[in-house]
Amino acid sequence: MNPLLEVRNLVTKFYTLDGVVHAVSGVSFDLQEGETLAIVGESGSGKSVTVLSLLGLIPTPPGRIEQGTALLRTPLGQKDLLQLSKAELRDVRGGQIGFVFQDPISTLNPILTIGEQIKETLTRHLHLSAEKAKAQVIKLLAEVGIPDPEMRYKAYPFQLSGGMRQRVVIAIAIACNPHIVIADEPTTALDVTVQAQIIDLFNRLRRTLGMTMIWITHDLGVVAGLADRVMVMYGGRIVELSTVDDLYERPQHPYTAGLLGALPRLDSQETRRLVSIRGTPPDMLLPLRHCPFSWRCDYASERCWQEIPELTSTAPGHEVACFYDMEKGGLRDG
Ligand SMILES: Nc1ncnc2c1ncn2[C@@H]1O[C@H](COP(=O)(O)OP(=O)(O)O)[C@@H](O)[C@H]1O
Ligand SMILES: [Mg+2]
């Protein structure tokens, strides 16, 4: 089946005073209708820039999308998100693609009640009458687990807790039945217990609405229960792409194996962070001539310092960009 979203060879750079930041270097992936794809990787690996490029939210300058296509296929036809005008992208955002970012405050307008803000999305994108829109807002507030929706309709963002604010942002994101919801570390700014509640909410919406979702996180621990497939990014590239089960069972990239090894036991109280792989992420200012992970890799051999490994299939639905075969214990053929 044709994917709902088909991203090919996305290249996004930032032209800063310090030099050119190679934020995303040739990212390609598909998103099937109804599936949740998790994008995982350390801070600075290009996760946000990947999705911001699709949403037309890269600040230009200093940013520039230099290459790529991103086909969104809907019943009304297909379009390349990277070729749309600013006005067309505004229609896509919130209407066809909903998004939830880390910080609900940056998405909400402080001087409008939450009801008005959700209503605005409905009237702008779906052209509902004011009366119909209000009823729909109350329904949405209840759907995302906000108690007393009739009363909360009139609340301002500052009157709500961080978790409730994020629920409002989620209500806005799903208000227009978007084809895709993109969530970029939506729980990072919240307390641990609230994080779990928000993840539960996404899981419920995924099931009840059949939502198609891209979920960005630095926490591989939450991915198992939430995503169907995982895309591991490192240094602005995809280093591994797989179903969740296969990734947990047979990680093919030393970086992924490191991330999984870094997962603390589920009964531990520690917050899970990807910190225990030695070394630091690559300098994104340097144009890359070899594997971005070679500095930190226990298996790096001569070839890894001479060429950039391409993403290649190692099993059905499992791709990896690495010359070393961890299962065989030696370089891959070819
Ligand atoms: N507006 C910007 N100006 C310059 N560099 C940026 C900008 N936004 C992101 N970058 C750089 O792009 C790279 C990828 O960032 P990002 O996609 O935000 O990483 P993350 O995986 O943490 O989401 C980083 O090196 C970051 O510093
Ligand atoms: Mg980010």
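The values are calculated or read from the model by the stated rules, or taken from the named source; none is laboratory data. A quick note: this is a predicted structure, and the numbers were derived from the prediction, not measured. Counting neighbours? That spans all protein chains shown, and the Cβs are built from the backbone with ideal geometry, glycine included. Accessible surface areas use protein heavy atoms only, side chains included; no ligands, DNA or RNA. Shrake-Rupley method; radii C 1.70, N 1.55, O 1.52, S 1.80 Å.
For the range 31-69, the candidate set comprises residues that are of a type in the set (S, T, Y), over 17 Å from V7 (Cα atoms) and open to solvent by 10 Å² or more (accessible area, probe 1.4 Å); within that set, the residue that is farthest from ligand 2 (Cβ to nearest atom) is T60.
Restricted to helices (runs of 4 or more DSSP H) entirely inside the range 209-261, those with at least 2 residues that are within 16 Å of I277 (Cβ to Cβ) are 220-226, 254-261.
Among the residues making up the range 60-78, those that are in contact (Cβ under 8 Å) with a residue 24 or more places away in the chain, touching a strand residue (DSSP E or B) at 6+ places or on another chain (Cβ under 9 Å) and either among the basic types (K, R) or farther than 12 Å from D30 by Cα (or both) are P61, P62, G63, R64, I65, E66, Q67, G68, R73. For V27, the conditions (1) more than 16 Å from ligand 2 (Cβ to nearest atom); (2) open to solvent by less than 10 Å² (accessible area, probe 1.4 Å); (3) part of a strand (DSSP E or B) all hold with the exception of (1). Scanning the range 169-219 for residues that are within 16 Å of ligand 2 (Cβ to nearest atom) and of a type in the set (F, W, Y) returns a single hit, W215. Listed by position, the helices (runs of 4 or more DSSP H) contained in the range 106-176 that have at least 3 residues being free of Cβ contacts under 8 Å to residues at least 24 places away in the same chain are 114-126, 130-143, 149-152. Scanning the range 218-234 for residues that are open to solvent by 10 Å² or more (accessible area, probe 1.4 Å) and under 23 Å from R332 (Cβ atoms) yields a single hit, R229. Of the residues making up the range 183-202, those that are open to solvent by less than 30 Å² (accessible area, probe 1.4 Å), at pLDDT 90 or above and more than 16 Å from ligand 1 (Cβ to nearest atom) number 4. Within the range 300-327, the set of residues being part of a loop (DSSP other than H, G, I, E, B) and open to solvent by 70 Å² or more (accessible area, probe 1.4 Å) comprises Q306, E307, E310, P316, E327.
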